[in-house]
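As C-alpha cells, the structure follows; a few thoughts come after it.
The values are calculated or read from the model by the stated rules, or taken from the named source; none is laboratory data. The structure presented is a predicted model; accordingly, all values stated were derived computationally and were not measured. With ideal geometry, Cβ positions are generated from the backbone for all residues, glycine too; neighbour counts draw on all protein chains shown. Accessible surface is based on the protein model in full, side chains and every heavy atom, while ligands, DNA and RNA are left aside. Shrake-Rupley method; radii C 1.70, N 1.55, O 1.52, S 1.80 Å.
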Amino acid sequence: MVDLNHHFDPGDRVRYETVGEDGFPLVRYGFVGGQTNDNGPVVVMLDGELGGDVVDLDEIEPVSISSITLKLEGADLLDEPQLRQGLAKLWHAEAEDAGLQIAAVHPVKDGLGVRDSSEGFALAEVVAAGEQYMLRATSCHNENMILISASRPNRWLF
C-alpha cells in the first residue's frame with residue numbers, strides 16, 4: 001500500500017484500511033502519534049477515539065486527494081444515471097472525513113458524468129489546494145464494485 005521507505009513524523013495525517021468487527025472493510029483516518037523505530041510500526045491516533053492503534057508501516061499511507069478512493073458495492077451505480085448523480089457527493093463527503101479541504105466540486109454534465117472509457121465516467125472537476133483534479137468512477141467487473149477517485153488529468157476530455 002505505501003512505500004516502505006516513506007518516513008512518517010508525529011502529526012502526519014494518515015489513512016489505513018482494516019476490517020471492522022462486522023467483517024466488512026473499513027477505512028480509518030488519524031494522525032501519527034509516534035513511531036516505535038525507523039521500520040515501524042507507528043501509533044495512529046484515530047479520529048473520534050481517545051486511544052490509538054499500533055499499525056504496521058505497510059498498512060498506512062499519507063492522506064492526499066489522490067489517496068482517497070471510495071469503494072462502493074454495485075456496478076449498477078454507474079449504469080443508472082440517477083444513481084450516478086450522487087457519486088461525486090459521496091466522494092466529497094469521504095474527502096472531508098479524511099480532513100481534506102476541497103475548494104470546489106464542479107459536476108460534469110449536470111452530475112451525470114461523461115463516459116471517458118469502457119470502464120467508467122468522468123464525474124466532476126475538483127479543485128483542492130489550488131490544483132485541479134478529475135473525479136472518476138470506474139467499475140471493477142469481476143467484483144461488482146466501483147471505485148471513485150481523483151487524479152491529475154493529463155488533458156481535459158471535454
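Return yes when Ala124 is under 17 Å from the mean Cα position of the chain (by Cα) and part of a helix (DSSP H, G or I) and no when it is not. So Ala124 does not fit the description; no. Within the range 94-107, at least one residue is farther than 30 Å from Val32 by Cβ and either among the hydroxyl-bearing types (Ser, Thr, Tyr) or surrounded by fewer than 20 Cβ atoms within 10 Å (Cβ to Cβ) (or both). Checking each residue of the range 103-110 against the condition of being closer than 12 Å to Arg84 by Cβ, in a loop (DSSP other than H, G, I, E, B), out of contact with any Lys or Arg (no Cβ under 9 Å at 6 or more places or on another chain) and among the hydrophobic types (A, V, I, L, M, F, W, C) gives at least one match.
Every condition in (1) out of contact with any helix residue (DSSP H, G or I) (no Cβ under 6 Å at 6 or more places or on another chain); (2) surrounded by 12 or more Cβ atoms within 10 Å (Cβ to Cβ) is met by Gly40 except one, and the failing one is (1). No other residue among Arg84, Arg13 is farther than 23 Å from Met145 by Cβ and open to solvent by less than 80 Å² (accessible area, probe 1.4 Å) apart from Arg13.
Check Val114, Val55 and return the single one that is open to solvent by less than 80 Å² (accessible area, probe 1.4 Å), under 30 Å from Phe8 (Cβ atoms) and β-branched (Val, Ile, Thr).
Residue meeting the stated conditions: Val55.
Taking first residues from the range 102-121 that are closer than 17 Å to Ser66 by Cβ and partners that are modelled with pLDDT of 90 or more and among the hydroxyl-bearing types (Ser, Thr, Tyr), the Cβ contacts under 7 Å between residues at least 6 apart in sequence or on separate chains come to Gly120/Thr138; Gly120/Ser139. Scanning the range 61-97 for residues that are outside any loop (DSSP other than H, G, I, E, B), of a type in the set (A, V, I, L, M) and modelled with pLDDT of 90 or more turns up Ile65, Leu70, Leu72, Leu87, Ala88, Leu90, Ala93, Ala95.
Of everything listed in (1) open to solvent by 20 Å² or more (accessible area, probe 1.4 Å); (2) closer than 30 Å to His106 by Cβ, the single unmet condition for Trp91 is (1). The set of residues from the range 119-158 being open to solvent by 70 Å² or more (accessible area, probe 1.4 Å) and in contact with a strand residue (DSSP E or B) (Cβ under 9 Å, 6 or more places away or on another chain) comprises Glu119, Gln132, Glu143, Asn144, Arg152, Trp156, Leu157, Phe158.
For the range 67-81, residues that are farther than 22 Å from Asp110 by Cβ and either of a type in the set (Val, Ile, Thr) or loosely packed, with under 13 Cβ neighbours inside 10 Å (or both) total 3.
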